[in-house]
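Here is the structure we will look at, set down as structure tokens.
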Amino acid sequence: MTAGKDISLSRDSVADPVAAAADARADQAPPADRHEQASIARQPAPTGPGQAAGRSVFHESARAQVAGAATYVDDIPEIRGTLHAAPILSTIAHGKLLAIDATAALAMPGVRDVILARDIPGDPVLGNFSHDEPVFATGTVQHIGQVIGVVVADTAMQARRAARKVVCRIEPLPAILTVQQAMKAESHVLPPVFVNRGDAAAALKAAPHTLTGTLEVGGQEHFYLEGQVAYVVPQEQHQWLVYSSTQHPGEIQHWVSHALGIDNHAVRVECRRMGGGFGGKETQSGQMAVWAAIAANKLKKPVKLRLDRDDDFMVTGKRHPFSYDYTVGFDDTGRLHGLQLTMAVNCGFSADLSGPVADRAVFHADNAYFLEDVSIASYRCKTNTQSNTAFRGFGGPQGMIVTEAIMGDIARTLGLDPLAVRKRNLYSDEVVAAVSGTVPERRRDTTHYQMKVEDNILEPLLSKLELSARYQSRRQAISTWNAKSPVIKRGIAITPVKFGISFTATLFNQAGALVHVYTDGSVQVNHGGTEMGQGLNTKVAQIVADELGVAFAQVLATASDTSKIPNASATAASAGTDLNARAAQYAARNVRDNLAQFVAGLDHCGAGAVQFAGGEVITPTGKRPFTEVVKLAYANRIQLWSDGFYRTPKIHYDKTTLTGRPFYYFAYGAACTEVAIDTLTGESRVLKVDILHDAGTSINPAIDIGQIEGGFIQGMGWLTTEQLVWNDKGYLATHAPSTYKIPATGDVPEHFKIDLWPEPNREDNVFGSKAVGEPPLMLAISVFEAMRDAVGACRPGNQPVVLTAPATAENVLRALA
Ligand code: MTE
Ligand code: HPA
Ligand code: MOS
């Protein structure tokens, strides 16, 4: 895809009368285009008391952010004497680290010290779950960009310049740079995982048709607007304050105390907000904090470490690239009969979150489809590259994309419509095997990990989108177009998403919150989650406002802080609102109950008869302003603040067999995407996107639509332009926006229509809502399938399309060749 205006593939060049007529019809149908949709969604925040949840109140920081008044870590006024650290990077992918000569660096202006592994007072291995990553490389280096130490200087620029002057003598060793090399060398960060159901080999043998194929899918750089940063400030008596741009303040606290060899209680971590995290700050913001803390500890000064963009690319991990091999069996209708699938996951040099990421890919290899006889092998490969980590979808996208590619190729092979093949394979309550003797009845409703899909809405959701996006008539129009157009070919695809909500590690599905009511009636809420732009604080404040019956503007969400909520999970797995808004709701409910009991005593009624609404406390005999009640209650020594705690019900799963109910519920959606490709240059453009997405009863439709837009475009970037290229030495050549292309505003499709599925969550979740942070990213698989559809239109016969992701111009040309 190309952002420029002057490419051969202008929007006009792909217009045709049939589609134009169809567009005109669509323009008459409500709701019109996304701009209108957006204006409906973006009403101003209600200022008076009233129902806050369910309305599109502004993001709590929106005004401050556009005014430049919202504080990020690098905006915090620096304490006098603050020093700045910059990392010393390995220039070799794999080697013996023989000597480090810092003489030249130490002679540079402003340089205070060079901090190496010998300066770590605690454990030289990072305090993460897998415990396989050194804080600073010693003995060996394991990728280009691995951090050997940091230079500390008076300014960040001085530290960066000096870091380049540190001479590391490294004796190169053979490096493993690709997943194929790792598979061959049996180089793994963790043992493989196998999940089987039924008898895949027998099913494949008996299947009327089989197809064998491979797929390569690339990684993705997070490209958060605010790069990785930490600011560590020594406090009295060997205590520490750490400001970190992190999705997981508790993890920073643990890692810092582990590296300093001190108790968790001596480290307080604060994060007001991030300028994006996208999974890249779930664990990997910890290194910055640990490196800065070791320097601060040695020099007894506050130390800040902010990676510049190039270093951020070189040092931190990305989305895991995947490589797949499969054999699939199917019948004449396109229904699957057996699947054997191998996923080789490029984890980089250490485990980080690769285990759960690769597990989630296994869990999502079904996407929306019943896999009856299936055998999946997942290899967690170790390579001499950055350690790959969480990225929106957390392995889910990599699990789904291969199955969607298989669906597309089955359809091509049989000459069927891909949507028909997809529908044919959806989960349903159709009986597989009838009751016979002791064998219980089985239906097509249970996943390969033995979880029953109880809340399936995909059949009606897909049918609704098929109609509203006029899929059938557009497919007709596109074949007519393709028959006449020699150079520009078009493609269309509808793909569904079914994404499991909960951390797959059951223990993380817990949360805490604090609600404080002050004597003037204003409210503060604090919870264990973090704000990264996704609107978590806004949604939590909306829920708390309604619980107390006060105006949204009366509730203020404060910075995440490990001294307020201990042991909080990462804000991840899309579960931020599910977990923290419920905990906050319970905290607010406790305060409300205290007030209700107090007022019931005044009015001689039952506490259950007291209501909180519209800024008032209402009993059968009277009404009082909330602020009045709070003052009276304070005077009568009633507790005006409380904690709240929530743990997700129903979930459990066996880590050794990957079976059970890892997810509380599923979030669903589907997208219809139309693309055009230029068969001479390989360039492409996404022309039209229609999305129908299930956010349950939305707590904030504007924020949810924003998440759907952003998630889709980010997924589109992953599958089209965002290409990571390591050269044959293992050097990441695309380490800046000059060579690594995320979608620009010009890449947003001209027609981009988003509708919300109008049904509450069938499970008891806060406000009836569903998690929305990650699932929409996977709607972008429709872009990849539409591209494959367009490539397929260029060739005779019914053959599969072999397209590598991302579908760059080069990869499209290769697929056409
Ligand atoms: N939206 C914005 N604007 N910025 C982000 O960094 N991260 C995504 C998603 N949406 C992200 C975002 C990811 S990876 C996750 S897991 C969720 O938000 C986390 O927040 P939530 O659980 O509160 O939805
Ligand atoms: N999603 C996101 N982050 C996680 C998960 C998950 O399922 N498990 C552990 N960290
Ligand atoms: Mo999101 S990848 O779970 O931080």
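The values are calculated or read from the model by the stated rules, or taken from the named source; none is laboratory data. Bear in mind that the values here come from a model prediction, so they are computed numbers and not experimental data. A quick note on method: Cβ atoms are made from the backbone with ideal geometry, for glycine too, and the neighbour counts reach across all protein chains shown. All accessible areas refer to the heavy atoms of the entire protein, side chains included, with ligands and DNA or RNA removed. Shrake-Rupley method; radii C 1.70, N 1.55, O 1.52, S 1.80 Å.
Structure summary
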{"read-out": "Of all residues in the range 502-535 being of a type in the set (Phe, Trp, Tyr) and under 19 Å from the mean Cα position of the chain (by Cα), the one that is farthest from ligand 1 (Cβ to nearest atom)", "value": "508"}
{"read-out": "Sole residue being at pLDDT below 95, open to solvent by 10 Å² or more (accessible area, probe 1.4 Å) and over 19 Å from residue 657 (Cα atoms), chosen from 442, 424", "value": "442"}
{"read-out": "Subset of the range 381-420 [open to solvent by 10 Å² or more (accessible area, probe 1.4 Å) and over 30 Å from residue 674 (Cβ atoms)]", "value": "382, 384"}
{"read-out": "Residue that is touching a residue at least 40 places away in the same chain (Cβ under 8 Å), in contact with a Phe, Trp or Tyr (Cβ under 8 Å, 6 or more places away or on another chain) and open to solvent by less than 10 Å² (accessible area, probe 1.4 Å), where the choices are 550, 525", "value": "550"}
{"read-out": "Residue that is nearest to residue 336 (Cα to Cα), among those in the range 422-451 that are free of Cβ contacts under 8 Å to residues at least 12 places away in the same chain and of a type in the set (D, E, K, R)", "value": "442"}
{"read-out": "Qualifying positions in the range 75-96 - open to solvent by 30 Å² or more (accessible area, probe 1.4 Å), farther than 21 Å from residue 112 by Cα and in contact (Cβ under 8 Å) with a residue 60 or more places away in the chain", "value": "76, 91, 92, 94, 96"}
{"read-out": "Any hit, the range 291-302, residues being touching a residue at least 60 places away in the same chain (Cβ under 8 Å), closer than 27 Å to residue 91 by Cα and within 16 Å of ligand 3 (Cβ to nearest atom)", "value": "no"}
{"read-out": "Qualifying position, being surrounded by 23 or more Cβ atoms within 10 Å (Cβ to Cβ) and within 21 Å of residue 558 (Cα to Cα), among 277, 286", "value": "277"}
{"read-out": "Sole exception among (1) under 29 Å from the mean Cα position of the chain (by Cα); (2) open to solvent by 40 Å² or more (accessible area, probe 1.4 Å); (3) in contact (Cβ under 8 Å) with a residue 60 or more places away in the chain for residue 564, by number", "value": "(3)"}
{"read-out": "Qualifying residue in the range 357-376 (condition: open to solvent by less than 10 Å² (accessible area, probe 1.4 Å), within 16 Å of ligand 1 (Cβ to nearest atom) and over 27 Å from residue 459 (Cβ atoms))", "value": "yes"}
{"read-out": "Index of the failed condition, residue 220 passing every other in (1) over 24 Å from residue 711 (Cβ atoms); (2) open to solvent by less than 20 Å² (accessible area, probe 1.4 Å)", "value": "(1)"}
{"read-out": "Residues being open to solvent by less than 10 Å² (accessible area, probe 1.4 Å) and in a strand (DSSP E or B) - total across the range 234-269", "value": "4"}
{"read-out": "Criterion (at negative phi, open to solvent by 20 Å² or more (accessible area, probe 1.4 Å) and touching a strand residue (DSSP E or B) at 6+ places or on another chain (Cβ under 8 Å)) met by exactly one of 310, 331", "value": "331"}
{"read-out": "Within the range 322-338, tally of residues that are within 16 Å of residue 201 (Cα to Cα) and assigned to a strand (DSSP E or B)", "value": "9"}
{"read-out": "Flag if residue 449 is of a type in the set (Phe, Trp, Tyr), closer than 30 Å to residue 197 by Cβ and at pLDDT 95 or above", "value": "yes"}
{"read-out": "Conditions (1) within 16 Å of ligand 2 (Cβ to nearest atom); (2) under 30 Å from residue 608 (Cα atoms); number of the one not met by residue 537", "value": "(1)"}
{"read-out": "Among (1) in contact with a Cys (Cβ under 6 Å, 6 or more places away or on another chain); (2) part of a loop (DSSP other than H, G, I, E, B), the one test that residue 690 misses", "value": "(2)"}
{"read-out": "For residue 498: the one exception among (1) within 16 Å of ligand 2 (Cβ to nearest atom); (2) within 30 Å of residue 252 (Cα to Cα); (3) in contact with a strand residue (DSSP E or B) (Cβ under 8 Å, 6 or more places away or on another chain)", "value": "(2)"}
{"read-out": "Hey, residue 319 touching a residue at least 24 places away in the same chain (Cβ under 8 Å), basic (Lys, Arg) and out of contact with any strand residue (DSSP E or B) (no Cβ under 9 Å at 6 or more places or on another chain) or not", "value": "no"}
{"read-out": "Per-region count, the range 270-283, residues part of a loop (DSSP other than H, G, I, E, B) and either within 11 Å of the chain's Cα centre (by Cα) or away from ligand 1 (no atom under 13 Å from the Cβ) (or both)", "value": "8"}
{"read-out": "Residue match in the range 504-516 (condition: within 30 Å of residue 615 (Cβ to Cβ), open to solvent by 20 Å² or more (accessible area, probe 1.4 Å), modelled with pLDDT of 95 or more and in contact with a Leu (Cβ under 9 Å, 6 or more places away or on another chain))", "value": "yes"}
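Residues checked against (1) assigned to a loop (DSSP other than H, G, I, E, B); (2) under 30 Å from residue 358 (Cβ atoms); (3) at pLDDT 95 or above:
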position: 109; (1), (2), (3): yes, no, yes
position: 112; (1), (2), (3): no, no, yes
position: 118; (1), (2), (3): no, no, yes
position: 138; (1), (2), (3): yes, yes, yes
position: 152; (1), (2), (3): no, no, yes
position: 159; (1), (2), (3): no, no, yes
position: 162; (1), (2), (3): no, no, yes
position: 165; (1), (2), (3): yes, no, yes
position: 175; (1), (2), (3): yes, yes, yes
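Matching residues to (1) in contact with a strand residue (DSSP E or B) (Cβ under 6 Å, 6 or more places away or on another chain); (2) among the hydroxyl-bearing types (Ser, Thr, Tyr); (3) within 16 Å of ligand 1 (Cβ to nearest atom); (4) at pLDDT 95 or above:
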residue	(1), (2), (3), (4)
539	no, no, yes, yes
552	no, no, no, yes
555	yes, no, no, yes
560	yes, yes, yes, yes
565	yes, no, yes, yes
572	no, no, yes, yes
576	no, no, yes, yes
589	no, no, no, yes
593	no, no, no, yes
